[in-house]
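The next block holds one structure in the form of structure tokens; read it before the comments.
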Protein chains: 2
Amino acid sequence: MTEENHENREGFVLHGAVVYSKDPRTLMAYDDAYLVCVDGVSMGVFSKLPDEYADLPVEDFYDKLIIPGLIDLHVHAGQYQYRGIGMDAELIDWLNDYAFPEEARHSDLDYAERAYDLFVEDLYVGPTTRAAVYATIDPDATLGLMDMLEDTGLKTCVGKINMDRNAPDYYIETTEESLEMTRAWLEAVGESGYRNTGAIITPRFTPCCTRELMNGLGELSKEFGVPVQSHLSENLREIEWVKELEPEASFYGDTYERAGLFGASGRCIMAHCVWSGEEELALMKKNGVFIAHCPESNINIRSGAAPVTRYLEMGLRVGLGSDVAGGSTTSMFAAMRTAIFASKLRWRLMDQSVRQLTFPEAFYLATKGGGAFFGNVGSFEKGFEFDAVVIEDEPLRTMRKEKGAGERAERVIYLADDRHVVGKYVAGRKLF
Amino acid sequence: MTEENHENREGFVLHGAVVYSKDPRTLMAYDDAYLVCVDGVSMGVFSKLPDEYADLPVEDFYDKLIIPGLIDLHVHAGQYQYRGIGMDAELIDWLNDYAFPEEARHSDLDYAERAYDLFVEDLYVGPTTRAAVYATIDPDATLGLMDMLEDTGLKTCVGKINMDRNAPDYYIETTEESLEMTRAWLEAVGESGYRNTGAIITPRFTPCCTRELMNGLGELSKEFGVPVQSHLSENLREIEWVKELEPEASFYGDTYERAGLFGASGRCIMAHCVWSGEEELALMKKNGVFIAHCPESNINIRSGAAPVTRYLEMGLRVGLGSDVAGGSTTSMFAAMRTAIFASKLRWRLMDQSVRQLTFPEAFYLATKGGGAFFGNVGSFEKGFEFDAVVIEDEPLRTMRKEKGAGERAERVIYLADDRHVVGKYVAGRKLF
């Protein structure tokens with residue numbers, strides 16, 4: 001780096017307690033450290049500030065905890081209004097009674113604007129810096145949501161949902177209009193000039209998408225070079241239904257693979273994977289598919305608990321999703337603790353061959369695990385995009401003196417909420 | 001009631017949305033109702049205020065939700081400082097590494113005062129109105145905690161813990177001193193003039209209490225007419241250990257029964273009962289023992305998930321416990337939702353013969369179910385002591401229009417925290 005570069009670069013230093021994941025088992029915890037950002041990228045974490053960064057301004061969060069921004073790999077903005085209710089229902093009934101009627105309302109653009117505003121504001125003040133978001137089938141409302149998200153500075157990819165079968169009359173598309181609207185929406189996104197917001201192809205799930213639609217979406221994904229997200233092997237009844245609908249597919253994931261929607265030609269997130277079999281897992285590994293593990297939703301809708309430590313040990317790519325409104329909250333603190341809850345009960349009640357998720361592993365999933373979908377994201381290692389959340393944990397009062405930064409981070413995921421998020425940076429930009 | 005009584009009585013009316021449990025399956029929900037309190041007792045809930053109460057002052061919570069005060073049947077004040085950490089450990093290690101060292105610190109009365117102050121302040125501002133509390137083995141620190149709780153106006157019973165075996169040198173009593181200190185403590189409580197706070201005999205659990213100690217505690221319970229609380233059938237390793245320690249007992253609960261500590265002669269709470277067998281359950285039913293179901297703790301320490309709907313259907317007495325610090329939080333909203341989580345995963349992963357806990361049942365457990373330990377408590381039916389919590393749920397923003405009071409209450413248990421508790425009454429006394 002020349003002197004000139006050095007002088008012109010934009011950078012800053014955060015000082016405080018710092019915690020981040022190196023890998024699923026290795027949590028790096030510094031009680032007192034300097035975190036250096038230059039041109040939106042982390043230069044690393046230092047116990048003593050290196051001389052080469054001595055000219056950078058330092059923001060002192062000396063009594064606060066700094067962690068990577070949290071990554072929500074699966075959340076339905078179009079379901080935000082009914083979060084926390086209807087929890088006595090199971091998946092298919094829940095879709096018909098809650099999801100479809102509520103999502104359909106967003107075709108009223110005035111409603112959509114006011115509803116999405118609540119979602120966006122709550123996401124903004126929490127610990128999430130990046131998210132993969134489902135909107136609804138309405139492309140204009142989806143663009144409206146994308147405009148709002150763009151303005152926040154959060155990094156998101158947002159999907160207009162596609163569905164042309166097994167949906168109510170009031171909330172369904174023909175195959176042709178679904179593909180046409182998706183193309184027009186992708187073109188509009190291309191012309192938008194968004195810097196923070198991208199499109200993601202979003203077939204709802206196999207039961208709601210004909211093969212023709214899936215094939216068309218696979219082509220659009222390739223043509224526009226955009227990633228894909230959908231749902232996979234969530235619920236036992238759903239999996240049986242997919243077998244009936246697509247008897248020629250070898251397994252549920254194969255219904256996406258056949259349409260080019262399963263990661264072979266671009267980034268792909270599949271939510272849930274509670275009951276994925278060996279063939280499906282092998283193909284996900286081969287294709288680099290991201291699993292969005294959504295523990296609270298999987299509990300609430302009584303789907304089960306994915307063997308997430310097994311997926312990590314197999315080398316699969318795994319992150320966490322809040323899955324609002326199957327999950328009740330966009331809080332990724334809650335998603336981390338609920339992932340631990342689910343893994344412990346799975347171990348105790350069902351299968352002691354798959355061990356529980358530890359706190360460092362849960363932290364990894366919500367940061368570096370999911371962050372990888374967005375690139376070098378979710379860690380403070382040198383070269384990672386600088387997403388950071390500053391947490392004031394002092395109000396979680398304790399007399400305990402021996403606590404270090406790692407212990408403070410564990411308390412945060414059990415006890416903290418939006419109140420404790422006092423600073424947020426995304427790709428080096430300070431949001432608040 | 002004569003005219004004179006009518007004029008002299010102290011009473012008031014709360015106006016708002018009102019939700020309470022009649023029985024486990026019946027949630028009463030009023031969108032717009034009057035809740036009448038006279039002399040600390042509920043006169044019932046009315047859609048139109050009856051003429052006979054027209055002279056009472058009305059406090060208008062027109063856009064807020066009023067529910068019964070929540071009842072925490074099992075919480076360790078002496079473990080409050082390490083809530084939210086150490087969650088990768090299982091019961092016996094967790095006791096040795098976290099519980100015993102921290103509890104022992106409370107023998108320093110200055111430490112105890114500052115530590116208990118954090119617990120008491122947090123309990124005060126949350127939705128809990130009554131609790132059964134464990135202190136530590138130190139009787140003076142326990143009295144200090146009771147003084148603080150007395151001042152809050154919350155109704156609690158508090159136990160000095162007894163333990164004379166299988167505990168570290170730095171945190172153990174001889175049998176003799178345990179019984180002597182307990183007697184002295186009970187006498188001090190008797191002389192204290194407490195109106196809100198009572199003593200409860202608290203053998204830690206069978207592994208930590210010799211037969212001689214248990215017998216002595218059983219006698220003290222009878223002599224002083226105070227209730228009993230302990231732990232029962234929480235963890236599989238613990239149950240094996242009890243079998244080794246007490247081979248003559250027919251089952252774990254029998255070790256308490258033989259000492260007169262299992263509800264036959266007075267009120268009794270047994271925490272957990274995750275793995276109770278038929279004989280144990282039958283004796284609990286016969287003796288009217290209260291089960292404190294502690295779902296988060298049972299998950300965190302990997303004990304399991306109690307078949308709580310089965311217990312309800314058997315007619316057992318069941319309430320909820322936060323079990324801090326096996327549980328991370330004193331929030332009984334969290335205890336309710338976690339009870340539902342645990343029951344759903346138990347159903348899906350282990351045993352479909354025991355159905356999931358519904359939202360109305362979880363609400364019942366945290367109110368009328370646990371409240372019965374304190375008398376006619378936990379409901380707004382006529383004749384119940386007037387414990388009420390006023391919840392401002394508007395900040396849990398939603399566009400959803402069709403929501404009624406029952407739906408609002410469900411959202412609250414998934415999404416609310418202390419911020420949303422804006423009013424609290426205990427036995428007719430307004431705390432804030």
Note: among B:Ala409, B:Ala366, B:Ala342, just one is under 15 Å from the mean Cα position of the chain (by Cα), in a helix (DSSP H, G or I) and either touching a residue at least 40 places away in the same chain (Cβ under 8 Å) or on the phi > 0 side of the Ramachandran plot (or both), namely B:Ala366
Since B:Asp108 meets every condition but one in (1) under 26 Å from A:Ala409 (Cβ atoms); (2) open to solvent by 60 Å² or more (accessible area, probe 1.4 Å); (3) not hydrophobic (A, V, I, L, M, F, W, C), which condition does it not meet? (1)
State the number of residues belonging to the stretch B:114-133 that are of a type in the set (D, E, K, R), more than 20 Å from B:Ala104 (Cβ to Cβ) and surrounded by fewer than 19 Cβ atoms within 10 Å (Cβ to Cβ). 1
Quick one: which residue in A:Thr156, A:Thr136 is within 14 Å of another protein chain (Cβ to nearest Cβ), crowded, with 20+ Cβ neighbours inside 10 Å and not in a helix (DSSP H, G or I)? A:Thr136
Please count how many residues of the stretch B:135-191 are among the basic types (Lys, Arg) and under 21 Å from B:Lys222 (Cα atoms). 2
Does the stretch A:3-12 contain at least one residue that is surrounded by 15 or more Cβ atoms within 10 Å (Cβ to Cβ) and either modelled with pLDDT under 95 or under 17 Å from A:Tyr425 (Cβ atoms) (or both)? yes
Identify all residues within the stretch A:412-432 that are closer than 28 Å to A:Asn376 by Cβ and not in a loop (DSSP other than H, G, I, E, B); write none if there are none. A:Val412, A:Ile413, A:Asp418, A:His420, A:Val421, A:Val422, A:Gly423, A:Lys424, A:Tyr425, A:Val426, A:Arg429, A:Lys430
Please find, within the stretch B:84-104, the residue that is farthest from B:Val377 (Cα to Cα) out of those that are open to solvent by 10 Å² or more (accessible area, probe 1.4 Å) and at pLDDT 95 or above. B:Pro101
Please specify each residue of the stretch A:416-427 satisfying the condition of being more than 19 Å from the chain's Cα centre (by Cα) and open to solvent by 30 Å² or more (accessible area, probe 1.4 Å). A:Arg419, A:Val422
Of the residues B:Ser353, B:Ser343, B:Ser297, which single one is within 21 Å of A:Glu410 (Cα to Cα) and not charged (D, E, K, R)? B:Ser297
State which residue is nearest to B:Val125 (Cα to Cα) when the search covers only the stretch B:375-400 and only residues that are surrounded by fewer than 23 Cβ atoms within 10 Å (Cβ to Cβ) and within 14 Å of another protein chain (Cβ to nearest Cβ). B:Asp393
Within the set of pairs 6 or more residues apart or between chains, which connect a residue that is in the same structural domain as A:His293 (by TED's automatic domain parsing) and within 9 Å of A:Ile413 (Cβ to Cβ) inside the stretch A:322-335 to a residue that is in a loop (DSSP other than H, G, I, E, B) and open to solvent by 10 Å² or more (accessible area, probe 1.4 Å) with Cβ atoms less than 7 Å apart? A:Phe333/A:Asp417
Could you tell me how many of the residues in the stretch B:314-344 are away from chain A (no Cβ under 14 Å) and buried (at least 24 other Cβ atoms within 10 Å of the Cβ)? 5
Which condition from (1) open to solvent by 10 Å² or more (accessible area, probe 1.4 Å); (2) more than 30 Å from B:Arg355 (Cα to Cα); (3) under 23 Å from the mean Cα position of the chain (by Cα) is the one that A:Asp72 breaks? (1)
Can you tell me which residue is farthest from the other protein chains (Cβ to nearest Cβ) among those in the stretch B:112-129 that are of a type in the set (Gly, Ala, Ser) and more than 12 Å from A:Arg397 (Cβ to Cβ)? B:Gly126
Selection from the stretch B:25-51 of residues in contact with a helix residue (DSSP H, G or I) (Cβ under 9 Å, 6 or more places away or on another chain) and over 13 Å from B:Phe12 (Cα atoms) yields B:Arg25, B:Thr26, B:Leu27, B:Met28, B:Ala29, B:Tyr30, B:Asp31, B:Asp32, B:Ala33, B:Phe46
If you scan the stretch B:279-306, which residues turn out to be open to solvent by 10 Å² or more (accessible area, probe 1.4 Å) and within 14 Å of chain A (Cβ to nearest Cβ)? B:Glu296, B:Arg302
Mind listing whichever residues of the stretch B:345-363 are in contact with an Asp or Glu (Cβ under 6 Å, 6 or more places away or on another chain) and in a loop (DSSP other than H, G, I, E, B)? B:Thr358
Go through the residues of the stretch A:58-66 one by one and say whether even a single one is more than 24 Å from the chain's Cα centre (by Cα) and within 14 Å of chain B (Cβ to nearest Cβ). no
Starting from residues that are more than 25 Å from the chain's Cα centre (by Cα) and hydroxyl-bearing (Ser, Thr, Tyr), keep the ones in the stretch A:139-177 and report whichever is nearest to A:Asp72 (Cα to Cα). A:Tyr171
All positions within the stretch A:349-369 that are at the interface with another protein chain (Cβ under 9 Å from one of its Cβ atoms) and over 14 Å from B:Asp88 (Cβ atoms): A:Leu349, A:Met350, A:Asp351
Do the conditions hold for B:Gly40, that is, is it away from chain A (no Cβ under 13 Å), within 24 Å of B:Leu154 (Cα to Cα) and not β-branched (Val, Ile, Thr)? yes
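The values are calculated or read from the model by the stated rules, or taken from the named source; none is laboratory data. Nothing here was measured: the structure is a model prediction, and the numbers come from that model. Cβ sites come from the backbone with ideal geometry, for glycine too, and all protein chains shown count toward neighbours. Note: areas computed on protein heavy atoms with side chains; ligands, DNA, RNA excluded. Shrake-Rupley method; radii C 1.70, N 1.55, O 1.52, S 1.80 Å.
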